[in-house]
1. Please enumerate the residues belonging to the range 89-112 that are within 16 Å of ligand 1 (Cβ to nearest atom) and either in contact (Cβ under 8 Å) with a residue 60 or more places away in the chain or assigned to a helix (DSSP H, G or I) (or both).
2. Which residue pairs have Cβ atoms under 8 Å apart, sit 6 or more places apart or on different chains, and have a first residue in the range 144-156 that is in contact (Cβ under 8 Å) with a residue 24 or more places away in the chain and a second that is in a helix (DSSP H, G or I) and hydroxyl-bearing (Ser, Thr, Tyr)?
3. So residue 135 ticks every box in (1) crowded, with 17+ Cβ neighbours inside 10 Å; (2) within 16 Å of ligand 2 (Cβ to nearest atom); (3) more than 19 Å from the chain's Cα centre (by Cα); (4) in contact (Cβ under 8 Å) with a residue 40 or more places away in the chain but one. Which box is left unticked?
4. Only residues in the range 289-313 that are among the hydroxyl-bearing types (Ser, Thr, Tyr) count as the first member; pair them with residues that are more than 13 Å from ligand 1 (Cβ to nearest atom), Cβ under 7 angstrom, at least 6 apart or cross-chain, and list the lot.
5. Which members of the range 281-305 meet the condition of being buried (at least 24 other Cβ atoms within 10 Å of the Cβ) and part of a loop (DSSP other than H, G, I, E, B)?
6. In the range 217-243, what residues are over 20 Å from residue 288 (Cα atoms) and not in a loop (DSSP other than H, G, I, E, B)?
7. Would you point out the residue of the range 260-280, among those that are farther than 29 Å from residue 67 by Cβ and away from ligand 2 (no atom under 14 Å from the Cβ), that is surrounded by the fewest Cβ atoms within 10 Å (Cβ to Cβ)?
8. Anything in the range 294-333 that is in contact with a Phe, Trp or Tyr (Cβ under 6 Å, 6 or more places away or on another chain) and of a type in the set (Ser, Thr, Tyr)? List them, or say none.
Amino acid sequence: MIIVLKKVAINNIKELLNFLESKKFEVNFLEENKVLYLKGELDELDLNQLKAFDAVEEVVVLDTPYYQVLRKCQKENTIIKVKDAVFGSGLEIIAGPCSVESKEQIDRIAKSLKFMGIKALRGGAYKPRTSPYTFQGLGEEALKYLKAVGDKYNLAIVSEIVSEDDLDLFIKYVDIIQVGTRNMQNYALLKKLGKIKKPILLKRGFASTVEEWLLAAEYLLSLGNREVILCERGIRSVANGSKATLDLNVIPHLKKISHLPVIVDPSHGTGFSEYVEPMSLAAVAAGADGLLIEVHHDPKTALSDGVQTLCIERFAQLLKKVKSLKEHLEEND
Ligand code: PEP
Ligand code: MN
């Protein structure tokens, strides 16, 4: 439930807070202290009694378990700026290899991407692999290489965190911290990330509902970190012929109900490089604020996810088509 406050003397606010405290409500101030967000047993409250307090302008009983992620709470789009990259206004593209494999590999890919005008580079350092026998990532060494190329080419660095134990390293080396599909509901991790000042790229759990996804984002916002980018990366369903079902319906839906930027990852969402371009175009047509695409200078030698990874040349073609589609959509808006 939320209570919109009137502009009144501090004593009137205190009187209301004392009352809510006596009813065992947890109270959070939002929107520059103009709104109170209450957690507790609603049955304990007589709404008419509440409206009688001088400090109360309006009482709204919410029909969702989340609030801060919604447009009801914030009308304007959240815009996140990291180096030259901007999320939530226009189209931003994050590209890079699934895994950082060596200093030379990441430098080579970063240089090509920078040349194409890409502003955000993603590379995995800690890989959450389904099998313990596959490449697990170079760890801190990879984060150092990423930081070096981020500084050299002025690219915003994105990398996935898999354990709260690594948080200090991510604060030091990374500009945008990715929470992968397997950790979307790792609440201990979300609570730590909610207290830091770094944008979070929150992927959708592969079996998560929109409500569960938005609640995961709400964890971050409710703890003070409002810079959250939502990333649709495909869910498990009955479809076969691709690795996952890319839920593109979710883009217009989230853009309507939430102020957070929404991007799409067609690499993990399809699992095959030849499907990445058509689904990128579909995502842009559906209103995505950005894309996350796996790119490698030689996908067949990639240490992870090579099958879904584009080579530099194919990524350049995709970029051209995506940009011209975006321009066409804007001209006809
Ligand atoms: C990745 O981005 O390389 C990754 C493992 O993604 P996801 O969490 O979507 O599977
Ligand atoms: Mn990958």
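1. Once the filter is applied, which keeps residues that are within 16 Å of ligand 1 (Cβ to nearest atom) and either in contact (Cβ under 8 Å) with a residue 60 or more places away in the chain or assigned to a helix (DSSP H, G or I) (or both), the range 89-112 yields 93, 94, 95, 96, 97, 98, 99, 101, 105, 106, 109.
2. 144/173; 146/173; 147/173
3. Unmet for residue 135, out of (1) crowded, with 17+ Cβ neighbours inside 10 Å; (2) within 16 Å of ligand 2 (Cβ to nearest atom); (3) more than 19 Å from the chain's Cα centre (by Cα); (4) in contact (Cβ under 8 Å) with a residue 40 or more places away in the chain: (1).
4. Pairs that qualify, where the first residue is among the hydroxyl-bearing types (Ser, Thr, Tyr) and the partner is more than 13 Å from ligand 1 (Cβ to nearest atom), are 309/273; 309/299.
5. 288, 289, 296, listed by residue number.
6. 218, 219, 220, 221, 222
7. First, pick out the residues of the range 260-280 that are farther than 29 Å from residue 67 by Cβ: 266-268, 270-280.
Now narrow it down to the ones that are away from ligand 2 (no atom under 14 Å from the Cβ): 274-275, 277-280.
Values: 274: 11, 275: 18, 277: 20, 278: 13, 279: 21, 280: 28.
Restricting to residues being farther than 29 Å from residue 67 by Cβ and away from ligand 2 (no atom under 14 Å from the Cβ), the top hit is 274.
8. Of everything in the range 294-333, just one residue is in contact with a Phe, Trp or Tyr (Cβ under 6 Å, 6 or more places away or on another chain) and of a type in the set (Ser, Thr, Tyr), namely 304.
The values are calculated or read from the model by the stated rules, or taken from the named source; none is laboratory data. Note that the structure is a prediction, hence the values are computed from the model and not measured. Every residue, glycine among them, receives a Cβ derived from its backbone with ideal geometry; neighbour counts consider all protein chains shown.
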